[in-house]
Amino acid sequence: MPLAWLCLASCASWLVSSITGCGSSVVLIPLVSCFLGIQAVAPILTVGMLMGNGHRVALYWQDIDRRVVSCFVPGSVVGACLGAWAISRVQTEWIGLLLGAVLILSALGMFEGNEPKSPRVKAWHFLPAGMGYSCLSGLVGTAGPLLNVLYLGYGLSKEAMISTKSANQVFMHTIKIAFYCAFGIMSPEYLGYGLAIGLAAVPGNWLGRTLLARMNDTSFRKCAFAFISIAGMYLVWEQRAILETGGQILASLNGQ
């Protein structure tokens with residue numbers, strides 16, 4: 001039963017992420033954690049994301065911005081290694097809270113009236129961004145839509161963003177899997193669940209491609225930024241216990 005629910009959620013989430021530029025991991029993280037435990041999230045999602053993004057690369061091959069990929073990959077090698085090494089040594093709750101805050105602030109800062117406002121992003125910016133993103137992804141399984149702000153700020157069209165992001169993800173998740181295996185984090189059970197949700201991504205990608213072709217770039221950008229905001233609020237809400245604990249500590253200090 002958990003496998004059936006995870007596959008159904010994977011198919012739906014990859015469909016949604018095709019028209020928003022993100023979303024598959026945000027849906028799957030709580031489900032994997034609920035059914036299999038928090039320790040299973042990173043290895044299972046990494047396998048599933050590798051397969052789902054690999055299928056997207058095949059679908060959108062001609063739209064990939066190879067300059068961005070060439071800058072992202074070197075940084076992702078270092079970041080994925082650090083994240084996989086630190087996964088058993090760092091409390092990921094604070095990372096989730098930080099990610100949520102960054103996403104919310106990024107989305108708010110990129111809107112001006114009804115039109116998205118983009119920063120000036122260069123291809124080389126993806127080198128340090130790739131290292132930081134891959135490190136965070138190695139710790140929590142995925143860093144969600146954190147880099148979407150850069151992709152949109154770089155000026156990619158909707159198809160180019162989906163394809164380029166997927167190509168970067170394929171390299172990053174391949175490296176992560178290698179390090180998970182080296183550090184003894186990947187098990188046959190986790191591999192099996194990851195392969196299942198990766199295969200379930202295929203029909204979601206096919207249908208998402210059809211819907212994406214009917215959208216214009218402006219609508220896609222608005223959907224992407226809206227989802228960034230929602231994902232940020234979700235991550236903050238998931239770690240609300242930390243905020244409550246911090247509030248209680250501050251209240252006790254003020255009372256002394």
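Rounded to the nearest whole Hz, the Karplus-based 3J(HN,Hα) values (6.51 cos²θ - 1.76 cosθ + 1.60, θ = phi - 60°) of the range 121-128 follow the sequence 10, 9, 4, 5, 4, 6, 5, x, with x at glycine and proline.
Checking the a/c ratio against 1.5 first, then a/b against b/c, what shape does the Cα gyration tensor give for the range 1-88? The shape class here is oblate. Proximity of backbone amide H atoms, modeled 1.01 Å from N, is registered between D65 and T164 at under 5 Å, excluding neighbours fewer than 5 places apart on the same chain. Residues in the range 78-83 carry Karplus couplings, in order, of 5, x, 5, 4, 5, x Hz; the curve used is 6.51 cos²θ - 1.76 cosθ + 1.60 with θ = phi - 60°, and Gly or Pro positions show x.
Throughout, read-outs are computed from the coordinates displayed, never taken from laboratory work. For clarity, every value in this text was computed on a predicted model and none was experimentally measured.
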